[in-house]
Amino acid sequence: MKIVVLDGYTLNPGDLNWEDLKALGETEIYDNTPPELIMERSYGAEIIFTNKTPLTAETIAGLSALKYIGVLATGYNIVDVKAAVKSGITVANVPTYGTYSVAQMVFALLLELCIHVQEHNNAVKRGEWLKNKNFCF
């Protein structure tokens with residue numbers, strides 16, 4: 001089975017490994033795929049993973065071995081789902097992959113708005129904390 005990851009960098013900039021995926025079959029992982037290389041890189045693939053690389057009706061029609069498209073994000077507007085369904089190709093996304101990080105970002109932004117964490121961080125880096133005789137702001 002041939003598996004292709006068209007734009008793996010968006011999911012894994014280097015802090016994860018792909019070994020479990022590679023164990024499933026011949027796997028090719030590209031950091032990014034420009035539009036002119038989508039067909040060349042995807043040819044013969046039964047499984048394609050994408051995040052930002054679009055899969056149009058024309059592309060899907062030209063990939064006769066394709067059985068599954070996995071979108072490595074919550075949205076799936078980069079895949080022509082109607083064309084995939086018409087070709088009998090399953091399309092799936094990851095609807096909750098960012099749940100914890102989104103909540104974490106909300107709290108980080110609230111803290112920044114309420115107590116100016118970044119402003120204090122910058123002041124410490126400028127040495128203002130050390131210059132204060134009481135070591136406080």
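Only the coordinates and a few stated rules stand behind these numbers; no lab work does. Since we're looking at a predicted model, the values are computed, not measured. Heads up, the Cβs are rebuilt from the backbone with ideal geometry, glycines too, and the neighbour counts pull from every protein chain shown.
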Next on the checklist: Just to be sure before I move on: is Y76 within 23 Å of K22 (Cα to Cα) and among the hydroxyl-bearing types (S, T, Y) in the structure I sent?
Outcome noted: no
Checklist entry - For V5, which of the numbered conditions (1) of a type outside the set (K, R); (2) over 17 Å from Y76 (Cα atoms); (3) crowded, with 19+ Cβ neighbours inside 10 Å fails to hold? => result (2)
Checklist entry - Does the range 9-34 hold any residues that are in contact with a helix residue (DSSP H, G or I) (Cβ under 9 Å, 6 or more places away or on another chain) and either aromatic (F, W, Y) or not in a loop (DSSP other than H, G, I, E, B) (or both), and which are they? => result W18, T27, E28, I29, Y30
Next on the checklist: Restricting to the range 35-72, give me the number of residues that are farther than 25 Å from P95 by Cα, assigned to a loop (DSSP other than H, G, I, E, B) and either in contact with a Cys (Cβ under 6 Å, 6 or more places away or on another chain) or touching a residue at least 12 places away in the same chain (Cβ under 8 Å) (or both).
Outcome noted: 5
Item to check | Unique match (being in contact (Cβ under 8 Å) with a residue 40 or more places away in the chain and among the aliphatic types (A, V, I, L, M)) among V5, V81, V94 | outcome: V5
Next on the checklist: Condition check: farther than 25 Å from G98 by Cα, of a type in the set (G, A, S) and in contact with a strand residue (DSSP E or B) (Cβ under 9 Å, 6 or more places away or on another chain). Does A61 satisfy that?
Outcome noted: no
Checklist entry - Under the condition of being of a type in the set (D, E) and surrounded by 14 or more Cβ atoms within 10 Å (Cβ to Cβ), which residue from the range 23-77 is farthest from the chain's Cα centre (by Cα)? => result E46
Checklist outcome for this item: the range 74-128: helices (runs of 4 or more DSSP H) wholly inside it with 1 or more residues that are over 30 Å from A45 (Cα atoms) are 99-115, 117-125
